[in-house]
Amino acid sequence: MGAVEFEVIGLPAAQGSKRHVGNGVMVESSKKVAPWRDSVAGAARDIAERIGDSAPFDGPLDLDVTFRFPMPASRKAAVRSAGHAPKTTAPDLDKLIRAVGDALTTSGLIRDDARISTITAEKVEVVGWTGAIIRITETL
């Protein structure tokens, strides 16, 4: 059973709805999602190259993701000193996961995000670096 864990530095962005711009062309509503997906895909591609013949992982897979967002200065001093708190505001967790799944497939680290059978995810506000910690485990 193989497993990898890696960090992605950046600001997590949700892959939300697409909008029609004419002539059958659809584009992401958020301009932030493309740079985020590129960051995730780049980090995952580095891992795929490092593990060589073990990639791409081909299901069933477990995905565990912690999305790290900047903690607002308005948080109470006790929360800020702890350095970590749940994030209960936008973006939606399911849309964050969608962006990561697509980027992992694009990177070649996993065969297809449809192979992910279990997801554990959280979004937190932190003092320190922002981005995500991603862990993929083969379940068989």
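Placing unit charges on the Cβ atoms only, positive for Lys and Arg and negative for Asp and Glu, gives the chain a dipole magnitude near 800 debye about its Cα centre. Taking Cβ atoms as reference points and 12 Å as the exclusive limit, the residues near Leu61 contribute a net charge of -3, counting Lys and Arg as +1 and Asp and Glu as -1. Charges were assigned to the Cβ only: +1 to each Lys and Arg, -1 to each Asp and Glu. The resulting dipole of segment 65-140 about its Cα centre is roughly 360 debye. Each other residue within a Cβ distance under 14 Å of Ala73 adds +1 if Lys or Arg and -1 if Asp or Glu, for a net charge of +2. Apolar share of the accessible surface for the chain: 51 percent from carbon plus sulfur atoms, 1.4 Å probe. In the context of the full set of protein chains, residues of the chain present 55 Å² of accessible surface per residue (probe radius 1.4 Å, heavy atoms only).
Histogrammed with a bin width of 10 Å, the alpha carbon distances of the chain distribute as 12, 39, 31, 15, 3, 0 percent, first bin at zero.
The values are calculated or read from the model by the stated rules, or taken from the named source; none is laboratory data. These numbers were taken from a predicted model, which means no experiment stands behind them. Methodologically, a virtual Cβ is constructed for each residue, glycine included, from the backbone with ideal geometry; neighbour enumeration extends over all protein chains shown. In case anyone asks, the SASA skips ligands and DNA or RNA and just uses the protein heavy atoms, side chains included. Shrake-Rupley method; radii C 1.70, N 1.55, O 1.52, S 1.80 Å.
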